[in-house]
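Data block below; observations after.
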Amino acid sequence: MAPLIDWTTTGQIFVESLAAGVVIVGAFAVGARLLALVTARSGTGGAQAGRGRPGAWAGAILCFLLVAAAVGYGIYFTVDK
Amino acid sequence: MHNTLLLVIVIVVAVSFDFTNGFHDTANAMATSIATGALKPRVAVALSGVLNLVGAFLSVSVAATIASGILDASKVTLPIIFAGLLGAIAWNVATWWFGLPSSSSHALIGGVIGAGIVGAGWSAIEGSTILSKVVIPAVLSPFIAGIVAGVATFIAYRVSRSKDERRDENSKRTFRYGQLLSASLVSLAHGTNDAQKTMGIVTLALITDHHLPTDAKPPFWVIFMCGLAIASGTYLGGWRVIRTLGHRLTDIETPQGFAAETASAAVLLISTHGGAPLSTTQITTGSVLGSGLGRRAAGVRWGVAGQLVSAWILTIPAAACVAALIGLVTHNGNTVGIVVVTIVAAALLFAVWLKSRADPVNADNVNDVNAGKPARDAALSGAAA
């Protein structure tokens, strides 16, 4: 008889989910923070409109792309092949 | 002739179950997005409905488990499936009435078990499979989802919080867009997961009645029909359950909503891949709770959480009992009995629906937590005035 709890599978699901959750949410949070850095400034500073921080823009975009890629992979992974 | 009528009734009842599954579970994907205002209630249910339909087409690996894992397939009869489905519908409607997010999957499994015991005896029940594939994952999965959501929420706040209030507001707004994505993902996962359960049952009915070979996969029309039923149920929206999950369990902000939904989607998609018929409801509830713990200021209402857990424990036995009672009437395959039970059940459902309109929870008042609470709440708090 198979063991009642398949700890290997359970552990695997836990680790994979945790990794996915942390990477996606973490990347999104970094992106949100960088974006806020740029956009919040443009609100007060007016004309500058975040132009002074190309690094923040690029970083934010990179983060969101990472999130999109992770989500895309998740869907691809689900579809029966 | 009689058998065809019976088969048609079973399919109609299965589709009805799928419909209740949809409206009961709208909350899973959309409750936190509706609560935080990331999506307008009506837009949220429409989006979720469409994605459920899409999701239904993505995979059929759970459909196989649900059909073959619970009962000895050779002993399954149409009346057993019929009684099992009705038991599940009864539990779904009852828990919706009280705004309890309980598992439609477990209701279905419980119903099939109860009907199976009456119709085919204890020996037909695959006890160890049920324990290892249903009960134990049911206990573990909300914890896994809760931990993932809690950690993700903690990180989300740790990273994005800013002393500058303006920036803080700004990143919360960004998380709102994130919620659009994460809620969509949960809807999709729900479609792949839950629509398959009814597909599995309909396929099983077709196999039992010798319209399909024993190891057949769900035919296209079954997939389409089930997808459509769950999508339209989702679009109708189980507003009572949405209110519970979005407001009563814990207070939710956009970063939490995003973290909770991402955690749910991750756990669901990763474990569905293995064909485990997990409960979307329990996973999302675990996530919402975890996200409440991850943000210290949020606070979890443990009383509500306790209510939910007791409903979960009751789900399988309660659905089993109702299904067993129905099974007593129908197990000899008497078509007249089945038609009568169907009509009575339809009348009862209609009555519940009429009654729910007296104290409605809908798209307009779902976020309005203090007014028009579900009847049980008012009764519990002694309803001043």
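The values are calculated or read from the model by the stated rules, or taken from the named source; none is laboratory data. From a predicted model like this one, the values you see are computed outputs, not experimental measurements. Please note: Cβ atoms are built from the backbone with ideal geometry, for glycine as well, and neighbour counts cover all protein chains shown.
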Search result, residues across the range B:135-146 that are buried (at least 19 other Cβ atoms within 10 Å of the Cβ) and more than 7 Å from chain A (Cβ to nearest Cβ): B:Pro137, B:Ala138, B:Ser141, B:Pro142, B:Ala145, B:Gly146
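So, in the range B:194-231, exactly how many residues are in a helix (DSSP H, G or I) and surrounded by fewer than 17 Cβ atoms within 10 Å (Cβ to Cβ)? Explain how you work it out, then say what you get.
First, the residues of the range B:194-231 that are in a helix (DSSP H, G or I): B:194-208, B:220-231.
With surrounded by fewer than 17 Cβ atoms within 10 Å (Cβ to Cβ) added as a condition, the list becomes B:220-221, B:224.
Of the residues in the range B:194-231, 3 are in a helix (DSSP H, G or I) and surrounded by fewer than 17 Cβ atoms within 10 Å (Cβ to Cβ).
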Among the residues listed as B:Gly146, B:Gly127, the single one being more than 20 Å from the chain's Cα centre (by Cα) and either touching a residue at least 12 places away in the same chain (Cβ under 8 Å) or at negative phi (or both): B:Gly127
Condition broken by B:Leu236, with the remaining ones in (1) surrounded by fewer than 24 Cβ atoms within 10 Å (Cβ to Cβ); (2) in contact with a Ser or Thr (Cβ under 9 Å, 6 or more places away or on another chain); (3) closer than 20 Å to A:Ile75 by Cα satisfied: (3)
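Which one of B:Ala324, B:Ala259, B:Ala345, B:Ala298 is in contact with a helix residue (DSSP H, G or I) (Cβ under 6 Å, 6 or more places away or on another chain), within 14 Å of chain A (Cβ to nearest Cβ) and among the hydrophobic types (A, V, I, L, M, F, W, C)?
Values: B:Ala324 fails: within 14 Å of chain A (Cβ to nearest Cβ); B:Ala345 fails: within 14 Å of chain A (Cβ to nearest Cβ); B:Ala298 fails: within 14 Å of chain A (Cβ to nearest Cβ).
Just a single option satisfies the conditions, and that option is B:Ala259.
Go through the range B:52-69 residue by residue and tally those that are modelled with pLDDT of 80 or more and within 11 Å of chain A (Cβ to nearest Cβ).
Adding up the residues that qualify gives 4.
What is the residue count in the range B:152-163 for residues that are facing another protein chain (nearest Cβ under 7 Å) and either under 16 Å from A:Ile13 (Cβ atoms) or modelled with pLDDT under 85 (or both)?
Filtering the range B:152-163 down to residues facing another protein chain (nearest Cβ under 7 Å) leaves B:152, B:155-156, B:159-160, B:162.
Restricting the remaining residues to those that are either under 16 Å from A:Ile13 (Cβ atoms) or modelled with pLDDT under 85 (or both) gives B:152, B:160, B:162.
Qualifying residue count for the region: 3.
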Long-range neighbours under 7 Å by Cβ, at least six apart or interchain, first residue more than 10 Å from chain B (Cβ to nearest Cβ) and closer than 24 Å to A:Arg33 by Cα within the range A:56-81, second crowded, with 17+ Cβ neighbours inside 10 Å and modelled with pLDDT under 85: A:Ala56/A:Leu37; A:Ala56/A:Val38; A:Trp57/A:Val38; A:Trp57/A:Gly50
Yes/no for B:Leu289 being over 21 Å from the mean Cα position of the chain (by Cα) and under 30 Å from A:Ile75 (Cα atoms): no
Sole exception among (1) over 30 Å from B:Lys355 (Cα atoms); (2) assigned to a helix (DSSP H, G or I) for B:Asn92, by number: (1)
Residue within the range B:112-120 that is within 24 Å of B:Ala305 (Cβ to Cβ), within 21 Å of the chain's Cα centre (by Cα) and assigned to a helix (DSSP H, G or I) present: no
Selection within the range B:159-184 - charged (D, E, K, R) and within 32 Å of the chain's Cα centre (by Cα): B:Lys172, B:Arg173, B:Arg176
Long-range neighbours under 6 Å by Cβ, at least six apart or interchain, first residue within 15 Å of B:Thr95 (Cβ to Cβ) within the range B:301-312, second among the basic types (Lys, Arg): B:Val304/B:Arg248
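With respect to B:Ser132, determine if the residue is touching an Asp or Glu at 6+ places or on another chain (Cβ under 8 Å), within 14 Å of another protein chain (Cβ to nearest Cβ), closer than 19 Å to B:Gly257 by Cα and among the hydroxyl-bearing types (Ser, Thr, Tyr).
Details: touching an Asp or Glu at 6+ places or on another chain (Cβ under 8 Å): yes; within 14 Å of another protein chain (Cβ to nearest Cβ): yes; closer than 19 Å to B:Gly257 by Cα: no; among the hydroxyl-bearing types (Ser, Thr, Tyr): yes.
Taking the combined requirement at face value, the residue does not satisfy it.
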Qualifying residue in the range B:206-227 (condition: closer than 30 Å to B:Ala297 by Cα and either among the β-branched types (Val, Ile, Thr) or under 15 Å from the mean Cα position of the chain (by Cα) (or both)): no
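Of A:Leu18, A:Leu4, A:Leu34, which residue is more than 7 Å from every other protein chain (Cβ to nearest Cβ) and either in a helix (DSSP H, G or I) or modelled with pLDDT under 75 (or both)? Break it down stepwise before answering.
Numbers: A:Leu18 fails: more than 7 Å from every other protein chain (Cβ to nearest Cβ); A:Leu4 fails: more than 7 Å from every other protein chain (Cβ to nearest Cβ).
Criteria check complete, one pass: A:Leu34.
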Residue selected from the range B:171-186 under the condition within 8 Å of another protein chain (Cβ to nearest Cβ) and out of contact with any Ser or Thr (no Cβ under 6 Å at 6 or more places or on another chain), by the criterion farthest from A:Ile61 (Cα to Cα): B:Leu185
Total residues in the range B:95-111, condition under 11 Å from the mean Cα position of the chain (by Cα) and not in a helix (DSSP H, G or I): 4
Single residue of B:Ala94, B:Ala149 found to be out of contact with any Phe, Trp or Tyr (no Cβ under 6 Å at 6 or more places or on another chain), within 11 Å of chain A (Cβ to nearest Cβ) and not β-branched (Val, Ile, Thr): B:Ala149
